[in-house]
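Bear in mind that the values in this text are calculations on the coordinates, not laboratory data. Since the model is a prediction, treat every value here as computed from it, not as a measurement. Note: ideal-geometry Cβ built from the backbone for every residue, glycine included; neighbour counts use all protein chains shown.
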Amino acid sequence: MKLTCLGSAGGYPSGKNGTTSYLVTSQDGAYTFLLDAGSGSALALEQQMDVSDLNAIVITHDHADHTADLGIYQHLLMLRQPLAKHAPVPIYLHPNAKVRKLLMIGETSEPQAYQPDEVLDLGAFRLSFCLTVHPIECYAVRIEEVATGEVLVFTADSGWCNALVPFSQNADVLLADCAFPNEVGRNGIHLIAQEVAQLANEAQVKRVIASHIAPQADAGRILAQIRESLDTKISLVKAEPGAVYAVRQ
């Protein structure tokens, strides 16, 4: 499995870094889906692949920094040539997503609801979901590649959530909301640095990729605080726009 960062900024885009959006690609390259659709991600995607080759889109929650380009993807799939090869491209949202009312229903893309308590079979992958701690309904996603057994867990946006520990167990990569330094303290919006480390340690993941750090935040301080508490066997990197990560190293 391959993970490509289109944008990792929390809250708003800055410079060359858009807000949260990732591509997840199967080992054989035959299946790619978009995981969240943050601001600026549609332009970033064009540096990585032809949008007409996109197989699916999965959205964790309604906040604008995860959905801002969703309508743009619909227009790209409809208007760009060649047209979407896998039409209608499914756009998976949770059943109560309000953003669904803003989306088109057409021949090239089709909004659909995933069921949070059920496994979603998505091409080369099996996706399961975990309700997070956030001001609006939001779901973490556990992605398992069927052929290889590789596991990527995306926390989406969340404050400390006990359920994320078993949900993330033994993941090859924990793509983690790392929005706040420790000084902010436990809250119901985003993980603080020491909580990222705690989650990674208790779930015994192999690697942490830090995401959702706001442009005005001190990223170096947040990463240093994660390292202070992180098991030395677990590696840590910051998600950077354009970077491509092999999920299992």
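For the reader, a short list of remarks on this structure follows.
- Extension gain, Met104 to Ala64, is 12.7 nm, computed as 0.36 nm per intervening residue step minus the present C-alpha separation.
- Taking each residue as 0.36 nm, the span from Leu43 to Asp28 lengthens on full extension beyond its C-alpha to C-alpha distance by 3.0 nm.
- Here the Gaussian network model covers the chain, with springs between Cα atoms less than 10 Å apart; of Leu83, Leu199, Leu34, Leu83 fluctuates the most.
- Selection of trypsin sites (Lys or Arg not before Pro), the range 98-198, meeting DSSP coil and at most 16 other Cβ within 10 Å: Lys98, Arg186
- Label-point gap, in nm, between Leu83 and Ser14 - each point 7 angstrom along Cα→Cβ: 4.2
- In plain terms, the C-alpha convex hull of the range 35-99 casts an average shadow of 4.0 nm² when viewed from every direction.
- Label sites at Ala219 and Thr232, each approximated as a point 7 angstrom past Cα along Cα to Cβ, lie 2.7 nm apart.
- Relative contact order of the range 97-237, pairs being alpha-carbon contacts under 8 Å that are 6 or more residues apart, as %: 17
- Label-reachable residues, the range 96-112, where backbone N falls under 17 Å from a point 7 Å from Glu137's Cα toward its Cβ: 96-103, 111-112
- Value of relative contact order over the range 38-111, rounded to a whole percent, pairs C-alpha under 8 Å and six or more apart: 35
- Entry for percent of Cα pairs over 31 Å apart (calculated from the structure that is shown) out of (i) 67; (ii) 19; (iii) 16: (iii)
- Residue-wise HN-Hα couplings along the range 88-94, as the Karplus relation 6.51 cos²θ - 1.76 cosθ + 1.60 with θ = phi - 60° gives them from phi, are x, 6, x, 10, 8, 10, 5 Hz; Gly and Pro carry x.
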